[in-house]
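Peer 1: Sharing a structure here in structure tokens format.
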């Protein structure tokens, strides 16, 4: 009994100790909860800030993309403004003179040698880029062209060559394309606009992509290489902006009246000769038609005469009264 009484304080002490430990754990958990709550609130605030920054960055990205999309048009507008201030020649001295119809068989050099042999023509004597993108500006005197920029095609060893790499600054007789015909426009100087876009630019929206693809493909015609992209692959590369284009200006600096006169005279003579040939052809067709018709009438007349002759040789089904009476008397005897 005495032992039981003596052990009670120890049990109370143990319980008090356990209660104290539990309270300490509770206090610790509450402190941890407060710390976690503060951390969570801080993280939520940081997340809100990050979300705001992400939204702003996304907005900036959209704006930047729109600016990138507009950049080619902005560059084109700057080039157009530049062209408006280029000097030209008096309009009264210049006019387009139509030449031959453009076709795959057209040899422009041979045509010019035929029309104006005294000019001593060569491939370096004139500019002629049929099917290329060409925009008239500067009071309709100057031309802005858009063409593939010289570059190695991504992922290949193939290279696209600009048609204007070796003619920058040169002045030659310029022929443009009008309604499917080559037309003489005057003497023009080639000015590459690389200062406006040193690394090139994506194809400006609104300009056709087919001429770009065709000109890019010409780089592989003289020396075909395996692995050169197809037209569809080139289309995707230019549409994505991986391959760039460049702008070139052709500035009118003069007008060769002698050449224009020779072209005009040649085309008038050719058209007149063509009209005469067509007239003579129609005349021959009519004469041939008359001969055929006349032959038919003659044959018909011969057939009619023969028929009449045959009819005259046939015995008549009708007999005269005298013949009938004679036959009857013969029968009665």
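The values are calculated or read from the model by the stated rules, or taken from the named source; none is laboratory data. As the structure is a prediction and not an experimental result, all values here were calculated from the model. Note: ideal-geometry Cβ built from the backbone for every residue, glycine included; neighbour counts use all protein chains shown.
Peer 1: Can you pull out the residues in region 189-216 that are touching a strand residue (DSSP E or B) at 6+ places or on another chain (Cβ under 9 Å) and within 21 Å of residue 127 (Cα to Cα)?
Peer 2: Within region 189-216, 189, 190, 191, 192, 193, 194, 211, 212, 213, 215, 216 qualify.
Peer 1: Here is a list: 103, 110. Which entry is part of a helix (DSSP H, G or I), at pLDDT 90 or above and loosely packed, with under 11 Cβ neighbours inside 10 Å?
Peer 2: Result: 110 is the single residue among 103, 110 that is part of a helix (DSSP H, G or I), at pLDDT 90 or above and loosely packed, with under 11 Cβ neighbours inside 10 Å.
Peer 1: Say we look at region 203-233 and pick out the residues that are assigned to a helix (DSSP H, G or I) and touching a residue at least 60 places away in the same chain (Cβ under 8 Å); which of these is surrounded by the most Cβ atoms within 10 Å (Cβ to Cβ)?
Peer 2: 216
Peer 1: Determine whether residue 266 is surrounded by 11 or more Cβ atoms within 10 Å (Cβ to Cβ), closer than 24 Å to residue 116 by Cβ and touching a helix residue (DSSP H, G or I) at 6+ places or on another chain (Cβ under 8 Å).
Peer 2: For residue 266, the condition - surrounded by 11 or more Cβ atoms within 10 Å (Cβ to Cβ), closer than 24 Å to residue 116 by Cβ and touching a helix residue (DSSP H, G or I) at 6+ places or on another chain (Cβ under 8 Å) - is met.
Peer 1: Take the conditions in a helix (DSSP H, G or I) and within 30 Å of the chain's Cα centre (by Cα) and apply them to residue 278. Does it pass?
Peer 2: no
Peer 1: When residues of region 98-112 are filtered for being within 13 Å of residue 263 (Cβ to Cβ) and more than 27 Å from the chain's Cα centre (by Cα), how many remain?
Peer 2: Of the residues in region 98-112, 1 are within 13 Å of residue 263 (Cβ to Cβ) and more than 27 Å from the chain's Cα centre (by Cα).
Peer 1: Now for a different question. Say whether the condition of being over 21 Å from residue 241 (Cα atoms) and crowded, with 18+ Cβ neighbours inside 10 Å is met by at least one residue in region 149-171.
Peer 2: no
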